[in-house]
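Here you go, one structure.
The values are calculated or read from the model by the stated rules, or taken from the named source; none is laboratory data. Everything numeric here is computed off the predicted structure, so don't read it as measured data. Using ideal geometry, Cβ is built from the backbone for each residue, glycine included, and neighbour counts are taken over all protein chains shown. Surface areas here come from the heavy atoms of the whole protein model, side chains and all, with no ligands, DNA or RNA. Shrake-Rupley method; radii C 1.70, N 1.55, O 1.52, S 1.80 Å.
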Amino acid sequence: MEELSFIVGVIGNVISVLVFLSPVGTFWRIVKNGSTEDFESLPYVCTLLSSSLWTYYGITKPGAYLVATVNGFGILAEAVYVVLFLIYAPRKMRVKTGILVGILNVGILAAAILATHLALEGDTRIDAIGFMCAGLNIIMYGSPLAAMKTVVTSKSVEYMPFFLSFFLFLNGGIWAFYALLEHDIFLGVPNGIGFLLGTAQLILYALYRKARPSNDTISQGLLEQGFQK
């Protein structure tokens, strides 16, 4: 069982790395055009916080090093995306992004680490960190839900890329399976939800991929959001 958990965890790491790298095309466009256009920085700032908390969780919980390694990579990837936002965004967006980074990636992260490290210990500390990680991931699934709503109202999958939906399905499924093997409810619940959302998005894609889009659609920048765990 331990060997199977390791194999599944390694597969999960590979898939998650691909998920973390999925916005590369967006940022290549940003660098090429010298502007962030209508793209929002909030998804990347939130994913940076999520990756940081999951890395802390993986370091704190014995045997959860596979969770720590992939989210450590996530920290590096998301930090690059945030820095590019700070470089290429208009002044107003740079200020907004800087404030978000200060509040979420410095203030809240530091408070979470200090509070759990100084006030808690043992399984209580692990449970507290896991609860924060799972809660943040569930909140972040608001983005895929928004994408699904847009597909239904516009009758078009233009703003819900297939591979993004496919990797949401694949990433959620493999990590939910890993969590089942490891008996880790904090890892299992948000990734189980991600698997279900990914499945629902693939069904919508099959239903609407040939449908004619309506004129009432929203900008791609508001929908190409990070969903990584």
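Can you find a residue in the range 104-114 that is within 24 Å of residue 168 (Cβ to Cβ) and either surrounded by 13 or more Cβ atoms within 10 Å (Cβ to Cβ) or touching a residue at least 12 places away in the same chain (Cβ under 8 Å) (or both)?
Yes - at least one qualifying residue is present in the range 104-114.
Return only the number of the condition from (1) in contact (Cβ under 8 Å) with a residue 12 or more places away in the chain; (2) of a type in the set (Phe, Trp, Tyr); (3) within 26 Å of residue 115 (Cβ to Cβ) that residue 65 does not satisfy.
Failed condition: (1).
So that you can scan it fast, the table gives a plain yes or no per residue for (1) part of a loop (DSSP other than H, G, I, E, B); (2) surrounded by fewer than 22 Cβ atoms within 10 Å (Cβ to Cβ); (3) modelled with pLDDT of 90 or more; (4) of a type outside the set (Lys, Arg):
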{"residue": "135", "(1), (2), (3), (4)": "no, yes, yes, yes"}
{"residue": "152", "(1), (2), (3), (4)": "no, yes, no, yes"}
{"residue": "157", "(1), (2), (3), (4)": "yes, no, no, yes"}
{"residue": "166", "(1), (2), (3), (4)": "no, yes, no, yes"}
{"residue": "170", "(1), (2), (3), (4)": "no, yes, yes, yes"}
{"residue": "174", "(1), (2), (3), (4)": "no, yes, yes, yes"}
{"residue": "177", "(1), (2), (3), (4)": "no, yes, yes, yes"}
{"residue": "190", "(1), (2), (3), (4)": "no, no, yes, yes"}
{"residue": "194", "(1), (2), (3), (4)": "no, no, no, yes"}
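A follow-up question, please. On the given criteria, is residue 119 modelled with pLDDT of 95 or more and farther than 30 Å from residue 203 by Cβ?
Details: modelled with pLDDT of 95 or more: no; farther than 30 Å from residue 203 by Cβ: yes.
So residue 119 fails the test.
Residue 48 - would you say it is at pLDDT 90 or above, closer than 22 Å to residue 129 by Cα, open to solvent by less than 50 Å² (accessible area, probe 1.4 Å) and hydrophobic (A, V, I, L, M, F, W, C)? Explain how you work it out, then say what you get.
Details: at pLDDT 90 or above: yes; closer than 22 Å to residue 129 by Cα: yes; open to solvent by less than 50 Å² (accessible area, probe 1.4 Å): yes; hydrophobic (A, V, I, L, M, F, W, C): yes.
Yes; evaluated as a whole, the condition is true for this residue.
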